[in-house]
Every structure is written in structure tokens, then in C-alpha cells.
Amino acid sequence: MKWLERLFNKEKIPSTVTLDGIDAWLIAASNSLFPGLDTNADRVYREIDAVREALLKKTSMLKNAVPQEDTPVPAQIRKLGLANRDKMVKQLNSLAEKIVIPDRTDYKTVLSFYNSTITSLESFSGRSAKHAYYVRSLFPDEVNEVLAEVNHLKTAIKQLIAPIRGKKDRIMNLEQVPVIASRMQDLKAKIVQEKADLSEKKEAISALKSEIEEKKRRLSLIEKSEEWRRSEELEKTLRTLEEELDSLETDAGQLFAPINKVLTLLKKQDETGRCNLSSEERDALSLILESPINALDGDITNLLLSVKNAINEDATLLKDRKRDKSLKCIDQLLETELSAIKKRREVLQSKIERTKLELSEIQILKEHKEVNDSFIESQRRQNSLQEEVERSERYLVSLEAEINEQKILLSKALEGVAGKEVEVEVW
């Protein structure tokens with residue numbers, strides 16, 4: 001009939017369980033696997049408690065016992081017997097104190113109480129054997145009575161796990177189930193949170209896409225306006241003027257390029273006292289070397305003449321070929337209307353300033369910049385969020401793979417408990 005009972009108990013264990021209902025399933029499985037466990041535990045708890053009280057009483061009797069006068073005992077044996085009695089009494093009281101009757105009768109509590117109690121009993125037996133030997137020589141009846149109670153405890157504690165005995169594999173699976181289920185609950189919570197975060201990011205991307213389209217539309221309207229076309233024409237004009245000014249400044253530099261070397265030598269001679277330039281000539285010389293175009297703002301004729309005289313008077317200043325080239329360049333500069341270059345520069349600078357002023361007064365440019373900057377920032381945020389979404393989706397795949405692996409482990413553990421397939425519903 002035992003096989004029929006096992007079959008009946010197996011059918012009482014649910015074949016389907018939700019992740020959130022694991023605790024209830026474990027209670028049902030425990031009741032089915034260990035029928036009568038709570039009734040047996042209640043009975044044995046009471047018996048153990050009674051034995052514990054009896055043990056304390058017998059221990060007190062041993063503690064207060066007096067050696068019999070009519071039984072001669074050698075002094076050395078008497079001394080050892082009394083000393084070991086104190087130790088044995090202490091160990092017995094310690095054993096009794098460690099036996100705390102639980103208020104629950106589930107298999108976990110029963111097993112835990114059994115393991116702790118049996119450990120205490122084995123520890124006592126190992127340590128008390130030598131003490132009992134000496135104490136029995138003085139108090140044989142009392143020692144036999146306390147040891148009888150200890151043996152009674154051992155018998156009772158073994159009765160406590162009678163409904164569990166022989167079900168080690170089932171119990172191991174029972175222990176694994178809540179551990180695996182807890183890991184799955186953590187993974188499930190992470191998945192739920194990650195999906196919620198992912199949904200928010202996708203909504204944010206959708207909103208950003210709408211913003212970007214709206215900003216594109218606004219930019220398109222701005223760029224089709226008459227004011228925008230005028231600003232583009234002004235910007236084109238400004239670029240042309242600035243290019244012409246750059247070219248003019250480059251040309252001015254080229255005018256003085258052939259005499260740069262002699263100008264540098266002349267400056268060094270002035271610094272060392274080999275020649276004496278006036279302050280005006282000295283300033284003009286420095287300005288030409290630093291910025292030829294700005295040198296045109298002053299009168300450089302005297303400087304050019306001084307340079308020409310220095311070349312003519314000091315044959316060692318330049319080699320013949322370089323000397324002739326420099327003199328020719330100076331003559332050309334003296335003949336060139338440098339003031340025309342200066343005037344053209346002033347005209348270009350004036351036009352550039354006016355054009356910039358006109359551009360600064362066009363309000364649509366400011367609006368275009370604000371919208372365009374906002375457009376670029378929205379695109380940046382969209383790209384950033386898209387990267388986060390991709391990372392989140394990869395993370396979700398890994399979490400779902402992990403929870404599926406744990407589900408397989410949980411299913412095996414549940415089957416090990418129930419003795420049949422148990423379907424796990426995670427979501």
C-alpha cells in the first residue's frame with residue numbers, strides 16, 4: 001500500500017506553479033512529502049521537553065548527591081569523582097540549555113532542530129565519557145539516571161525525523177528551490193525595470209524625432225524667406241571682401257619680400273651701433289618686418305632711402321647679386337604709389353565693417369542659429385539615446401537567457417521534489 005500512498009501524495013502536489021507562488025507550492029509539497037510531520041513533531045517536541053525537564057531534575061540530584069558512608073572509596077578516587085562530577089553537571093546543564101523547543105513544525109525547522117540537538121548530544125557524549133567513569137565510582141545510581149535521560153533524548157530526537165528519513169534527495173531539491181526562485185525573482189525584477197527604462201527611452205526618441213522634424217521644417221521656412229536670401233548675399237559679399245583684403249595683404253608682403261634680409265641686417269646694425277637710424281625710421285623698419293600692410297599707414301620713404309644709402313655705402317652688407325636685386329626692389333617701391341594700396345585697404349576694411357553691421361541687424365540669422373543649435377543638440381541626444389537603447393536591448397537578451405537557464409534548473413529541482421514534471425510560469 002505504500003506505493004499507492006506515494007502515488008496519492010504525488011497527485012496532491014500541484015503540476016503548475018507561478019514564480020510568485022513558489023512559497024505556497026513548497027508548503028503543499030512539504031505537506032505531501034512528509035505526511036504527519038507536524039503531528040509527529042508536536043508529539044516529539046513535548047516528549048523532548050519532558051525529557052529535558054527530567055534531565056535537569058536528575059542533574060540537580062547528581063549535583064547535590066553525597067557519597068555513601070558505608071562504601072569505602074580511596075581518597076584519590078573520591079577527589080577525582082567529586083571534581084569530575086562538577087564538570088559533568090556543567091556539561092549536562094549546558095546540554096539542557098541548548099535544547100530550545102521550536103514553535104514551528106515544518107520540515108526546515110524540524111531538520112534544523114534535529115541537527116543542532118544531535119550535534120549537542122554527540123558533543124556531550126564525547127566529552128562526558130571520562131567524567132562519567134570517575135563520577136560513577138561515587139554516585140552510580142545518579143549517573144545511570146542522567147545517562148538514561150540522555151539516551152531517552154537520543155531516541156526521541158531520532159523519532160522526530162522519522163517522517164523525513166529516506167527522503168534526502170527530495171529534501172536537497174526542496175532546499176534548492178527557494179534559492180533558484182530567489183535568483184529568478186531578482187532577474188525578473190531587473191528585466192521588468194529594464195523594459196520600463198527601455199520603453200521610456202524609446203518614447204523619448206520618438207519625441208525627439210518629432211522635435212527634429214519640426215526644427216527641420218522651421219529651418220526650411222527660414223531659409224526660403226527673403227530676409228534669409230539677403231543674409232546669404234551679404235555673407236557672400238563679406239567672404240569676397242575678406243578674400244580680397246587677404247590677397248591685398250599678401251601682395252603687400254610680396255612687395256617687401258626682396259629686401260627683408262637687408263632690412264633684418266640693417267636692424268641688427270642699428271642695434272649694435274654700426275649705423276644710426278632715426279626713431280621714425282626704426283619704427284617703420286620694425287613695422288615692415290612685422291606687418292608690411294600696416295607699415296603703409298606711415299611714411300616709409302625716408303626709411304627706403306636710408307636702406308638704399310646703407311647698401312651703396314657698405315659693399316660688404318650684401319653680395320653683388322643680392323645687392324642689385326635689393327636696390328632694384330627699393331627703386332620700385334619708391335616709384336610705386338603705396339598710398340593707393342593703403343587706400344584700397346581702407347576701403348575694403350570699411351566695406352567689411354558695414355557688411356558685418358548689416359548682418360548683425362538681420363534678426364532671422366539669430367533665429368536660424370538658435371533653431372539650428374537646438375536641432376544639432378536634439379540630434380545628439382537622439383543618437384545618445386539610440387546607443388543606450390541598443391545597449392539596453394543587448395542587456396535584456398542576456399537577462400532573458402539567464403532567467404531561462406534558471407527556469408530549467410528550477411524545473412529540474414521541482415521535478416526532483418514532486419516526482420513528476422512541474423510547469424513553471426515566470427510571467
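Derivation of every value follows stated rules applied to the coordinates shown; laboratory data play no part. Remember, predicted model here, so these are calculated numbers, not experimental data. Quick reminder, even Gly has a Cβ in these numbers, built from the backbone with ideal geometry, and neighbours come from all protein chains shown.
Name the long-range amide H neighbours of residue 18: under 5 Å, sequence gap of 5 or more, or other chain; modelled H, no Pro or chain starts.
The answer is 425.
Give me the orientation-averaged projected area of the Cα convex hull of region 82-144, in nm², one decimal.
Convex hull of Cα atoms, orientation-averaged projection: 4.6 nm².
Taking each pair of distinct Cα atoms in region 336-385 once, what is the resulting Kirkwood hydrodynamic radius in Å? Write down the numbers at each step before the final one.
Details: mean 1/r = 0.0708 Å⁻¹.
By the Kirkwood definition, the hydrodynamic radius is 14.1 Å.
Tell me, 192, 389, 422 in order of fewest to most beta-carbon neighbours within 10 Å?
192, 389, 422
Would you kindly state how much longer the chain becomes between residue 374 and residue 290 on full extension, computed as 0.36 nm times their sequence separation minus their alpha carbon distance, in nm to one decimal?
Contour length minus Cα-Cα distance gives 25.9 nm.
Taking neighbour counts of Cβ atoms within 10 Å as a proxy for exposure, in what order, fewest first, do 134, 395 appear?
Going from sparsest to densest Cβ surroundings: 395, 134.
List the equivalent ellipsoid semi-axes of region 35-166 in whole Å, largest first, each obtained as the square root of 5λ for an eigenvalue λ of the Cα gyration tensor.
34, 13, 11
In the chain, if the dipole is taken from +1 on Lys/Arg beta carbons and -1 on Asp/Glu beta carbons about the Cα centre, which of 250, 55, 307 is farthest to the positive end?
55
How far, in nm, would the chain grow between residue 93 and residue 60 when pulled straight, counting 0.36 nm per residue and subtracting the alpha carbon separation?
11.0 nm
Determine which lysines satisfy two conditions relative to residue 412: a Cα distance under 29 Å, and not lying fewer than 8 residues away in the same chain.
Result set, ordered by chain and number: 2, 10, 12, 108, 167, 168, 188, 190, 195, 420.
What is the dipole size for the chain, taken about its Cα centre, with +1 at each Lys and Arg Cβ and -1 at each Asp and Glu Cβ, in debye to the nearest 20?
About 3020 debye.
Give the lysines whose C-alpha is closer than 28 Å to that of residue 366, dropping any in the same chain fewer than 8 places away, or say none.
The reachable lysines, counting only those whose Cα sits under 28 Å from residue 366, are 209, 215, 216, 224, 236, 351, 356.
Looking at 360, 382, 237, which one has the Cα that reaches farthest to the positive end of the dipole of the chain (charges on Cβ: Lys, Arg +1; Asp, Glu -1)?
382
Can you bin region 16-96 into rounded, prolate or oblate? Criterion: square roots of the alpha carbon gyration tensor eigenvalues sorted a ≥ b ≥ c, rounded for a/c under 1.5, prolate for a/b above b/c, oblate for the rest.
Values: a/c = 5.90, a/b = 3.79, b/c = 1.56.
The shape class here is prolate.
Could you work out how far apart the two model spin labels at residue 16 and residue 192 are, taking each label as a point 7 Å from the Cα in the direction of the beta carbon, and quote it in nm?
For residue 16 paired with residue 192, the spin-label model returns 2.1 nm.
Which listed residue (339, 191, 101) has the Cα farthest towards the positive end of the charge dipole for the chain, taking +1 on Lys and Arg C-beta and -1 on Asp and Glu C-beta about the Cα centre?
The Cα lying farthest towards the positive end belongs to 101.
Using the number of other C-beta atoms within 10 angstrom as an exposure proxy, rank 283, 251 with the fewest first. Intermediate results must be reported in sequence, preceding the final value.
Numbers: 283 15, 251 12.
Sorted ascending by nearby Cβ count, the order is 251, 283.
With only alpha-carbon pairs counted, each pair once and no self-pairs, how large is the Kirkwood hydrodynamic radius of the chain in angstroms?
Roughly 34.0 Å, rounded to one decimal.
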